[in-house]
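Participant: Have a look at the structure that comes next, please.
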Amino acid sequence: MPESKDRGALLATVRAAGPRDWAQSAFAWWCREAVDLLPQRFVAALAPAGRPRLLVDRDDMEVRIRLNDPRSGVEAAETTQAGEVTAAIASILQRHGLDRRDVDLGLRLPADSVFARDLVLPREAKGAIDTIVPQDLLRRTPFRAGDIYCDHVTATSPDGRIAVRQWVTRRPHVQQAADQLGLAVAQIDFVVFGDDQASPSIRLARPVTARKTSTVAVAMLGALAVLLGFGIAVLTFGRQQSTLDRLDAEIVVARKGAERVRALVDQLRERRTTLSRLRLQRSEVPGLIDVWDEASRILPKHSWLTELRLVEGPNLRSASVTMTGFSAAAPGLINTLGGSKLFVDAALTSPVAMDPIESRERFSLQARIRVPDAFKEVGP
């Protein structure tokens, strides 16, 4: 049952770390992409080969101090007495032109003063290993956080799971070793155990320079992000401004075209109105049928026509009608036509002659078509 609870707590921690894992993955991707854009010399300055390390190793007879500087390849060693460790450290640093703040100081402790354990985590826990491993240590062991120093390394197995190797040492072990050498625990950055090169190591404090380097790198990456954002904003603004300028020019051309189209539309509308008015006038001006009906109505029964001709002039006021026929009283037809509402200015166009066959007077007369008052102003 306790193991089931621990597994549930571990899964809960993994699930809670999901967004953090995504954020770390996104930040790691951004760092990789940004570093690819930087010059190699600048990248080397932000990510040096490593900090120099001083390792103090004490045995029953003497104290050995070993210096390893991976940046310059310097390796040096010196022996001293337990009470003179501080002076020996200052001396070896001075000889090699190093500052104490730029060097990590470590102690070598007996191999039996470290406790090691292994655990396997699912791949989903990748972004929260630094949180999960210490919590799992406190849940599964009798250690208390204030009594120990611990550290771990990780490796990824072929199936994607994360193998963790963790080391733990008690604080009194470190304190006792530091007191024997006349050092303060606050001066010690790491401790190692055993005598071989693969000895486990526990970091007690993070190097200041590493923090500064990380801070500078983050600051530079942030500045690069701001610069890229500013460049994108400038390019976007320039592109938008050029688009607006192009649209302004197109609008001016379109406005001129629209004005020409509007003028043509106005002209077409005016002509259409004039044509409609002329068609209306033409439809209301008397035609041949109207003239025929009016002649049939007003001519007396003793008169008839042999020819009726409607002549249209260049305008509405010049239309006229010519009538030819026989009548028992041809001269009186002038007055008859004068009483019509359609004919005006009637007059004979030839002398009246008696036709012996018809025993009637042959006549030929002409009259103008009366134009309605509404159309008298229409004309050339």
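Participant: Kindly indicate whether any position in region 159-176 is among the polar types (S, T, N, Q), surrounded by fewer than 16 Cβ atoms within 10 Å (Cβ to Cβ), modelled with pLDDT under 90 and over 24 Å from residue 87 (Cα atoms).
Facilitator: Within region 159-176, none of the residues are among the polar types (S, T, N, Q), surrounded by fewer than 16 Cβ atoms within 10 Å (Cβ to Cβ), modelled with pLDDT under 90 and over 24 Å from residue 87 (Cα atoms).
Participant: Residues to consider are 133, 56, 63; find the one that is modelled with pLDDT of 85 or more and assigned by TED's automatic domain parsing to the domain that holds residue 181.
Facilitator: 133
Participant: Looking for something in the same structural domain as residue 129 (by TED's automatic domain parsing) and more than 56 Å from the chain's Cα centre (by Cα) - is there at least one such residue anywhere in region 150-170?
Facilitator: yes
Participant: If you don't mind, there's one more thing I want to ask. Which of the residues belonging to region 321-363 are surrounded by fewer than 17 Cβ atoms within 10 Å (Cβ to Cβ) and assigned to a strand (DSSP E or B)?
Facilitator: Those that are surrounded by fewer than 17 Cβ atoms within 10 Å (Cβ to Cβ) and assigned to a strand (DSSP E or B): 322, 324, 344, 345, 347, 348, 353, 354, 355.
Participant: To continue, here is another question. Given (1) at pLDDT 75 or above; (2) in a loop (DSSP other than H, G, I, E, B); (3) not hydrophobic (A, V, I, L, M, F, W, C), where does residue 206 come up short, assuming only one miss?
Facilitator: The single condition residue 206 does not satisfy is (1).
Participant: May I pose another question? Give region 329-346 a look and list any residue that's of a type in the set (A, V, I, L, M) and without any contact (Cβ under 8 Å) to a residue 40 or more places away in the chain, or say none.
Facilitator: Result: 329, 330, 333, 334, 337, 344, 346.
Participant: Yes or no: residue 295 modelled with pLDDT under 85, surrounded by 17 or more Cβ atoms within 10 Å (Cβ to Cβ), closer than 18 Å to residue 349 by Cα and over 60 Å from the mean Cα position of the chain (by Cα)?
Facilitator: When the stated conditions are applied, residue 295 does not pass them.
Participant: Sticking with this structure for a sec: Name the single residue that is nearest to the chain's Cα centre (by Cα) among those in region 82-123 being surrounded by fewer than 16 Cβ atoms within 10 Å (Cβ to Cβ) and among the acidic types (Asp, Glu).
Facilitator: Checked region 82-123; the qualifying residue nearest to the chain's Cα centre (by Cα) is 102.
The values are calculated or read from the model by the stated rules, or taken from the named source; none is laboratory data. For clarity, every value in this text was computed on a predicted model and none was experimentally measured. FYI the Cβ positions are ideal-geometry reconstructions off the backbone, even for glycines, and counts take in every protein chain you see.
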